[in-house]
Amino acid sequence: MAQPSKSGGSCGEIEELGETIDDIVPGRAKAVVVDVDDDVYVAVGKGSSSIVALSWALMHAATKPSSFVYLVHVFPPVHHIPTPLGLLPREQVSQAQVASYMHQERVKRQNMLQKFLDLCQSFEVQFDTCLIESDQIVKAVAELIPVLHIKRLIVGTSKSNLRKWKKGGCKAVQIQQNAPAGCEVKIICAGRQVTAPDQSVSSSPASDNPHSDKDTDGETRNKKTKGTADCRCIPVKLL
């Protein structure tokens, strides 16, 4: 299994590796003393609320030298391929057409994720990325939590989406409601942590002091645990 570089060094291309969910969490550099409680997972996507959520996480959650940030991105599987004749099921087009389109989609995904990687690098925090291929964002993220024993998950949302919580239309709230016990899911909206039902503010803005007292105590990470999830996960190697 590939061993990614996660020390905030220069990031080149993102290499997607088709491995199983059991291999989604690569090993950490041996020189780093860590505590799994310091790990922070941040759900990211195309919306601007994701970069705001990551900024909040870097300023308020991933503040220890042993903190490790995982960017979780869910993308839909490809069922149809665009052709001159319109969208066709991938089974009806050539392998070359499928490969070409899949490559284009990977490049788009890499470009979308790059701003998140750059932000993590600017904070000099250890980080890695895991991609999940699934049609159901909420279910995929919720089922990933027990597999990786995620204890802290940060999700972002916009004010307009947060207003939809009563109708069940806010994915951030759905993830929070479906998260297994033992995982603290924080919802970040407009740079603040909010409580979905009444949208009350429970923390200071992301512009506050980004540093807290440092604590280097921890224990060696051993987190690769077998589990099941109704999605295909692809770890990412940062070269």
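Some observations on this one:
- Qualifying residue in segment 147-157 (condition: more than 15 Å from the chain's Cα centre (by Cα), on the phi < 0 side of the Ramachandran plot and either small (Gly, Ala, Ser) or open to solvent by 20 Å² or more (accessible area, probe 1.4 Å) (or both)): no
- No other residue among 64, 46 is over 15 Å from residue 124 (Cβ atoms), basic (Lys, Arg) and out of contact with any Phe, Trp or Tyr (no Cβ under 6 Å at 6 or more places or on another chain) apart from 46.
- Across segment 202-213, not a single residue is classified as modelled with pLDDT of 50 or more, in a loop (DSSP other than H, G, I, E, B) and either under 24 Å from residue 59 (Cβ atoms) or not aliphatic (A, V, I, L, M) (or both).
- Scanning segment 129-163 for residues that are outside any helix (DSSP H, G or I), among the charged types (D, E, K, R) and within 22 Å of residue 58 (Cβ to Cβ) gives 151, 152.
- Filter pass, residue 133 being under 15 Å from the mean Cα position of the chain (by Cα) and over 21 Å from residue 186 (Cα atoms): yes
- Among the strands (runs of 3 or more DSSP E) confined to segment 25-128, the ones with at least 2 residues that are modelled with pLDDT of 95 or more and crowded, with 21+ Cβ neighbours inside 10 Å are located at 39-43, 68-75.
The values are calculated or read from the model by the stated rules, or taken from the named source; none is laboratory data. Owing to the predicted nature of the structure, the values given are computational and were not obtained by experimental measurement. A quick note on method: Cβ atoms are made from the backbone with ideal geometry, for glycine too, and the neighbour counts reach across all protein chains shown. Side chains included, ligands, DNA and RNA excluded: accessible areas come from the protein's heavy atoms. Shrake-Rupley method; radii C 1.70, N 1.55, O 1.52, S 1.80 Å.
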